[in-house]
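These notes are about the structure you will find just below.
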Amino acid sequence: MISQLEYALKYIKYWFFAKHKKGHGIHSPFIYKLIINVLNNKSNDETLNKVFDVYNKLRKSKEVLEFDEIGAGTSYKKSEKITIGKIVKRSSINRKYGKLIYNLIKYFNPTEILELGTSVGISSAYIAQAAPRSNFKSIEGIEEKIIIAKETASGFKHHTEFIHGNFDNTVDSVLEKYDKLDLVFFDGNHKKQSTLNYFNSCLEKRHNETIFIFDDIHWSDEMEEAWAEIKNHPKVKVSVDIFRMGLIFFRKELSYQHYVIKF
Ligand SMILES: C[S@@+](CC[C@H](N)C(=O)[O-])C[C@H]1O[C@@H](n2cnc3c(N)ncnc32)[C@H](O)[C@@H]1O
């Protein structure tokens, strides 16, 4: 992981050089509509507000969880008491990006959805609420977190299938249960080779309209390198870098292009 200062400097650079916030200068109708209808969607509906309420509640939770951290991601000091509130503040997607995923799903309407990295179920709640009739599975390696994620989901109607297991030995068997993947959210184990392995495995189930979302693409040098390889993969037609996340599209009708869009 890079230092907070380095990350802040990267963000400042992004903020100065990223463009197209309002879609100006974009020639692709597909990306223009994505900016207008998804990235710039300011409205909140009742369902989204419900997820925000759950997020706000869990951020304040003082309940202590005891577990051994896995994968490259948030690390805690040995002596530190890890509360659910800390987990949410440090590693769950915040409201801005939660809303983005929610709006993205509402807009593209995927039904075959996979998440790598459930944690305590915040991003899962946005996904499940945006796609209530989807086949949505979410994998997490720490059982204590899955228990909380199930509690988080219990306040909502959608049935998310939470799967406990290390990605390294669960992803392939979980993928066998899908004929195709419409959307994958990659948000766990931010090592370069692991990220590329998960990408390559999921690639097998992609189709023309599939969307891959990668979290923390600038979080470390390894993630930067993984992102660079992924966006330049010959099967990828368009990548969209919004700093914290990267979106990948495979649509044959699009021209090869990498966008860095101010979000
Ligand atoms: C950044 S958190 C996920 C946050 C969640 N997507 C959200 O926004 O609410 C990443 C999660 O991936 C899990 N993880 C990391 N490496 C893993 C691995 N190799 N197998 C399974 N889970 C892993 C961690 O335990 C952690 O809970």
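Where a number appears in this text, it was derived from the coordinates with a stated rule and is not lab data. Keep in mind that what you see is a predicted model, and the values were worked out from it rather than measured. Here the Cβ positions follow ideal geometry from the backbone for every residue, glycine too, while neighbour counts run over all protein chains shown.
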(request) Express the relative contact order of the range 4-260 as a whole percentage, based on alpha carbon pairs under 8 Å and six or more residues apart in sequence. (result) 14
(message) Loop-only trypsin sites (Lys or Arg not before Pro) in the range 1-35, please: DSSP not H, G, I, E or B, and at most 16 other Cβ atoms within 10 Å.
(response) K21, K22
(message) At a 10 Å Cβ-Cβ cut-off, how would you order T111, T195, T210, T118, fewest neighbours first?
(response) T111, T210, T195, T118
(request) Amide H neighbours of I163 under 5 Å, at least 5 residues apart or on other chains, H built in the peptide plane: list them. (result) S138, I139, E140
(request) Quick one: check the C-alpha center-to-center distance for the range 210-263 versus the range 1-75, whole angstrom. (result) 15
(message) Give me S91, S119, S201 sorted ascending by neighbouring Cβ count inside 10 Å, so fewest comes first.
(response) S201, S91, S119
(request) Using only the Cα atoms of the range 1-53, build the gyration tensor, take square roots of its eigenvalues as a ≥ b ≥ c, and label the shape rounded, prolate or oblate: rounded if a/c is under 1.5, else prolate if a/b is larger than b/c, else oblate. (result) oblate
(request) Treat each spin label as a single point 7 Å out from the Cα along the C-beta direction, and report the H158 to K33 distance in nm. (result) 2.2
(request) May I ask you to list the lysines whose Cα is less than 24 Å away from that of K10, ignoring any residue fewer than eight positions away on the same chain? (result) K19, K21, K22, K89, K96, K99, K191, K192, K231, K262
(request) For the range 143-248, run through the GluC sites (Glu not before Pro) and keep only the ones in DSSP coil with at most 13 other Cβ atoms within 10 Å of their Cβ. (result) E176, E204
(message) I need the peptides 133-139, 38-44 ranked by packing, meaning the mean over residues of other C-beta atoms within 10 angstrom, with the highest value on top.
(response) 133-139, 38-44
(request) Determine the gain in length on full extension of the stretch K96-H233; use 0.36 nm per residue of separation and subtract their C-alpha separation, reporting nm with one decimal. (result) 46.5 nm
(message) Straight-line reach only, C-alpha to C-alpha below 22 angstrom: list the lysines that K177 could link to, leaving out same-chain residues fewer than 8 apart.
(response) K137, K150, K205
(request) With N denoting the number of residues in the range 23-168, provide Rg(C-alpha) divided by 2.2 N^0.38 Å, to two decimal places. (result) 1.11
(request) State the Kirkwood hydrodynamic radius of the range 4-260 in Å, one decimal place, computed from all pairs of distinct Cα atoms. (result) 18.7
